[in-house]
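Coordinate-derived values only; no laboratory data. This structure is a prediction, so every number in the text was calculated from the model and none was measured. Note that we place each Cβ from the backbone using ideal geometry, even for glycine, and neighbour counts take in every protein chain shown.
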Amino acid sequence: MFRLDDVSKSYDGLVAIEHLSLTIAAGRTTVLIGPSGCGKSTLLRMLLGLVSPDSGTVSVDGAILDAANVASVRLRAGYVIQQGGLFPHLTARQNVCLMANHLRWPPERTAARLAELAALTHFSADRLDRYPGELSGGQNQRVGLMRALMLDPEVLLLDEPLGALDPMIRFELQEELRALFAQLKRTVVLVTHDLAEAAYLGDTIVLMRRGRLVQQGHLAQMLEAPADEFVTRFVRAQRSHLGSAGAS
Amino acid sequence: MMRTAWLLLSMLAALAACERRDTAVIIGSKSFTESVILGEVLRGLAQDAGLPARHQQALGGTRLLFNALANGEIDAYVEYTGTLGSEIFAQQRPQSQRDLEDLLAARGIVLAGPVGFQNNYALGMRAIDANRLGIGRISDLARHPDLRLRFGNEFMDRADGWPGLQAAYGLPQRDVRGVEHDLAYRSLAAGDADLTDLYTTDAEIDYYGLRALEDDRGFFPRYEAVLLYRADLAQRNPGAVAALRRIVGVVDESEMARLNAAVKIDGRSESAVAATFLAETMGLRTTLRTEGRIERLFRHTREHLLLVTLSLSVAIVVALPLGILAARQPRAGQYLLGLVGVGQTIPALALLVFMVPLVGIGAGPALVALFIYSLLPIVRNTHAGLTGIPPALLESADALGLPRGARLRRVELPLAAPTILAGIKTAAVINVGGATLGALVGAGGYGQPILTGIRLDDTALILEGAVPAALLAVGAQWLFERAEGYLLPAGLRAKRIQDPAHPL
């Protein structure tokens with residue numbers, strides 16, 4: 001679906017992505033993971049043309065992403081960021097239907113799709129007319145998800161969608177997301193810094209460090225055949241202390 | 001949006017120009033009582049000849065009146081020969097009335113003849129002080145360097161005023177300040193000042209017990225009141241010239257002082273005093289346009305609101321796109337913000353006077369000045385509102401696939417609305433206050449009673465302008481705060497409410 005060829009990007013001399021090549025398969029869930037500042041969010045935003053590489057190319061279905069096709073690529077993708085990125089001046093309903101209204105969908109079609117999505121994301125319909133400021137973090141994240149899915153996109157991109165939620169809600173939403181991804185059968189690219197979440201949600205994990213790709217594969221591969229010492233340290237650091245806490 | 005802006009701008013221009021389209025004879029007067037009375041006499045004379053006539057009362061100082069006459073904004077007014085020679089034609093130095101007539105003719109202006117009195121400059125102080133200090137002549141002042149001198153603003157600046165006088169007599173006083181001339185009289189009466197400039201026909205000389213000092217070196221020129229009118233008036237309206245010329249030779253010095261006193265001391269209106277004079281000396285019956293206090297208040301409110309709303313509307317239509325442009329193009333934006341900032345720093349008075357040669361007198365210059373003053377708060381707040389939107393929200397809008405125009409309309413402008421509205425509110429409140437200055441160039445509004453009130457020392461009249469102006473400013477503030485309730489998207493007003501029963 002997505003293909004990055006020798007892509008580099010830096011901000012004011014600060015390297016975000018360095019000579020990175022990666023292929024993201026269609027119909028599967030790919031998780032980008034790595035420590036803060038490793039370039040995983042920048043990479044995700046490159047897929048939508050929100051950030052353009054200094055060198056190298058990003059292609060979508062074989063076509064190089066450029067100013068001419070970026071608009072159509074964005075319409076084929078849904079994008080969710082931390083805390084939803086919801087517009088505070090619009091209600092949940094207006095946020096979700098913004099693009100459909102802009103594209104002049106017939107009201108019946110919009111309403112039907114909205115009902116479908118509310119059921120899919122377990123968002124109760126009586127809260128649709130509240131503003132983001134009147135909803136909790138978890139609810140806002142569901143609204144963000146609905147907004148991303150409104151146009152029934154082929155691709156769903158999520159940038160730390162659960163990052164700002166408290167652990168119990170986070171756990172619950174992780175389960176829901178997994179079920180959702182299985183149901184949708186779409187290409188999903190998700191950014192997280194939590195290895196457990198990555199392993200739970202992803203078919204493939206892409207581990208990044210300082211703008212470079214370190215290892216790509218399953219968690220098991222990273223445990224059994226780490227590409228380098230950093231992979232081992234990263235995995236160890238992310239493993240719960242619960243085991244050792246329980247043993248003592 | 002730009003088309004609406006042009007439409008409104010051309011409306012402004014048309015409004016400024018339309019005052020001159022009709023065929024009425026337009027009389028002007030300077031902003032002091034004698035000039036206004038004579039203006040009313042001229043209006044009465046034109047009216048008696050069956051001509052539609054209007055009087056642009058108390059327009060301003062000599063330059064403004066003379067330019068208005070030269071540009072055809074007004075058709076006639078009464079000027080003083082000394083002022084013409086030393087102020088308007090200072091470089092040409094006319095030596096005789098003949099020279100003066102030639103210079104005026106070259107500007108398309110006819111000097112019709114003397115009205116019949118001289119109103120010379122003099123210096124005056126309280127008679128008791130003059131006796132106590134032994135001052136009878138201007139040269140005596142050299143021995144009293146500590147005197148507090150308060151002159152009318154025009155006298156402070158004119159070549160034939162204080163600068164020339166100080167040089168001619170070698171006067172040593174240092175505490176010299178320019179004030180509104182009528183205020184100078186009052187501070188003299190109150191003992192806050194020792195000396196001021198007088199006009200020899202001023203009613204206040206007797207009233208305040210002042211003494212005019214002898215000009216022993218013959219510094220002050222003779223100020224003979226003369227009628228000036230535009231040469232083309234004879235073709236446009238031959239009857240008007242004959243009618244206006246009837247003022248020549250009919251008002252002598254004591255008559256003028258009496259008329260001044262009737263307004264300034266007895267508190268009658270200039271129109272009434274002029275009408276009585278015309279009836280008594282020429283047997284003319286002029287219709288006196290009397291206006292009650294309420295009616296006058298309504299007129300001033302109407303004029304004031306027109307100035308404020310029109311200038312503000314045009315400013316909004318122009319400033320919003322400018323603010324958007326400034327936010328979109330950061331480099332150009334800095335220049336743009338600087339430019340409208342400079343517009344704000346031009347003193348209101350200077351701006352008004354600048355505008356007179358360009359758009360004439362009346363509402364035009366006031367509208368343009370208020371428009372310029374309204375730009376900064378709106379442009380700056382639009383820019384601030386748009387650049388202050390969190391980048392994550394803009395990225396969300398882009399990621400959704402919203403094109404730039406739709407992003408601006410559906411996301412950016414609503415989010416910036418509170419800031420933009422605050423800018424418009426600031427502009428409106430500034431405008432309500434600023435519009436009072438419009439009266440200086442004949443735009444009317446609440447400034448009119450304030451100016452007239454200062455001139456006539458009539459506190460009630462000052463309040464008649466000041467109180468509604470203050471109320472209007474407070475009202476505008478209140479109105480905009482109410483409007484915020486309706487105009488702002490509800491989500492921006494709502495407080496964050498957590499629902500503990502349903503955390504998800």
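Here are a few things to note about the model shown:
- Cut-off 12 Å (backbone N to label point 7 Å along Cα→Cβ of B:THR23), residues of the stretch B:218-241: B:236-240
- Against chain B, whose longest principal axis comes from its Cα atoms, helix B:253-264 is set at around 30 degrees.
- P(r) of the stretch B:121-212 over all Cα-Cα pairs, binned every 5 Å from zero, in whole percent: 3, 15, 28, 29, 20, 6, 0
- For the stretch B:353-504: relative contact order, % (alpha-carbon pairs under 8 angstrom, 6 or more apart): 25
- Size of electric dipole in the protein assembly as shown: Cβ of Lys, Arg +1 and of Asp, Glu -1, about Cα centre, debye, nearest 20: 1900
- Extension gain, B:ALA142-B:LEU479: 0.36 nm per intervening residue step, less the Cα-Cα distance, totals 115.5 nm.
- Only Lys, Arg (+1) and Asp, Glu (-1) charged, at Cβ; the stretch B:121-212 dipole about Cα centre in debye: 360
- Projecting the Cα atoms of B:LEU437, B:LEU456, B:LEU408 onto the charge dipole of the stretch B:293-488, computed from C-beta unit charges around the Cα centre, puts B:LEU408 farthest toward the positive end.
- Cα-Cα pairs of the protein assembly as shown separated by more than 42 Å (percent): 52
- Given R0 = 41 Å, the distance between the Cβ atoms of B:ILE128 and B:PHE298 translates into a calculated FRET efficiency of 0.35.
- For chain B, DSSP calls about 60 percent of its internal beta bridges antiparallel.
- For the stretch B:84-156, GluC sites (Glu not before Pro) are listed when DSSP marks them as loop and at most 16 other Cβ atoms sit within 10 Å of their Cβ; the list is empty.
- Given charges at Cβ of Lys, Arg, Asp, Glu: the protein assembly as shown dipole, positive-most of B:ILE74, A:LEU120, B:LEU59: A:LEU120
- Ordering B:PHE155, B:HIS144, B:ALA193 by the projection of their Cα atoms onto the charge dipole of the stretch B:121-212, which places +1 on the Cβ of Lys and Arg and -1 on the Cβ of Asp and Glu, puts B:HIS144 at the extreme positive end.
- Relative to the longest principal axis of the Cα atoms of chain A, the long axis of helix A:167-184 lies at roughly 80 degrees.
- Estimated purely from DSSP H runs of n ≥ 4, each contributing -39500 (n - 2.57), the mean residue ellipticity at 222 nm for chain B is -18000 deg cm²/dmol once divided by its residues.
- The modelled label-to-label distance between B:MET282 and A:PHE230, using points 7 Å beyond Cα along the C-beta direction, is 10.0 nm.
- Over 30 Å [Cα-Cα, the stretch B:293-488], rounded percent: 29
- Lysines whose Cα lies under 29 Å from that of B:LYS264, excluding same-chain neighbours fewer than 8 positions away: B:LYS30
- The modelled label-to-label distance between B:ASP102 and A:ALA237, using points 7 Å beyond Cα along the C-beta direction, is 9.8 nm.
- Segment B:ASP232-B:ALA159, length gained on full extension (0.36 nm per residue, minus Cα span): 23.2 nm
- The mean sequence separation of alpha-carbon pairs under 8 Å and at least six residues apart, normalised by the residue count of chain B, gives a relative contact order of 17 percent.
- Across the stretch B:121-212, C-alpha contacts under 8 Å between residues 6 or more apart give a mean separation that, scaled by the residue count, equals a relative contact order of 45 percent.
- In the stretch B:127-199, trypsin sites (Lys or Arg not before Pro) in a DSSP loop with at most 13 other beta-carbon atoms within 10 Å: B:ARG174
- Helix A:107-120 and the longest principal axis of the Cα set of chain A meet at an angle near 40°.
- R0 of 60 Å, Cβ-Cβ distance A:SER72-B:ASN71: FRET efficiency to nearest 0.05: 0.45
- Loop chymotrypsin sites (Phe, Trp or Tyr not before Pro), the stretch B:450-494 (other Cβ atoms within 10 Å of the site Cβ: 12 or fewer; DSSP): none
- Only helical runs count toward this figure. For chain A, summing -39,500 (n - 2.57) over DSSP H runs of n ≥ 4 and dividing by all residues gives -11500 deg cm²/dmol at 222 nm.
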